[in-house]
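Structure, as structure tokens:
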Amino acid sequence: MADGRDAELAETGAARRVAVRVVGRVAVRVVGRLAVRRDLSARNRATRLLFVLAALLVLRVVQAAVAGLTVLAVTVSGLEHPAPGLRMARLAEVEPEPTTGLTTLAMVLISAGLATILLPRAHVLAAFAGIKAFAMVAASAIAVMFTAEPVGIQAAVAGCGVSVVLLLWPKAREAATRVLAAIGLPHVSGPAGDLVLALKIALLVAFVLLPG
């Protein structure tokens, strides 16, 4: 009888030890996975923060590039006297001064050229720069309505800007989809998704148009 009980106790102890080992291994694996997830989460947050900072820099660089090329093009053309200059507005944004029909048309054409080049790019920041240039086309088309130019010139420049926006919209939509996916915000397909995307670009246009 004693030997039987001792055998049962030995088997029970062995079973307990095996159970403890299994539970310990599972616990180690769970803790390890949680640690990996936390590490990946921290890395993702850091990556997103760096992307946001880089995106803000891209916004300023594209704005300055369009403004500088606009002033250079109008000055070289000799069609406007005195030649326009550059001014600092808002949060370190560079703009041409004064804003006339000619400078606005130049901004539309230069922004359209940059958008055409940058929107198809695979790199996320390049695509984001293209979206900024695309937004500047729309902003310039709206800004010309606030100049002192004749109505005919305003209508011509605005019509040019609207035509470019409609022409580049498919590329802008694809580029925006890639940018949103890169930061973990997938684009919703369908008309509703396009409407939301258009609203986001409209907010970017409004930001460009804010007074300095």
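Could you list which residues have their amide H under 5 Å from that of Arg87, counting only those 5 or more apart in sequence or on another chain, with H placed in the peptide plane?
Long-range HN contacts for Arg87: Glu95, Glu97.
Find, to one decimal place in angstroms, the Kirkwood hydrodynamic radius of the stretch 70-109, where the mean of 1/r is taken over every pair of different Cα atoms and then inverted.
Details: mean 1/r = 0.0973 Å⁻¹.
Over the stretch 70-109, the inverse of the mean reciprocal pair distance is 10.3 Å.
Could you sort 113-122, 79-88, 139-148 so that the peptide with the highest average Cβ count within 10 Å comes first and the rest follow in order?
By packing density, highest mean first, the sequence is 139-148, 113-122, 79-88.
Taken together, the values in this text are just the output of simple stated rules run on the coordinates, not laboratory data. Keep in mind it's a predicted model, so treat the numbers as computed, not measured. In this analysis, Cβ positions are derived from the backbone assuming ideal geometry, glycine residues included, and neighbour counts consider all displayed protein chains.
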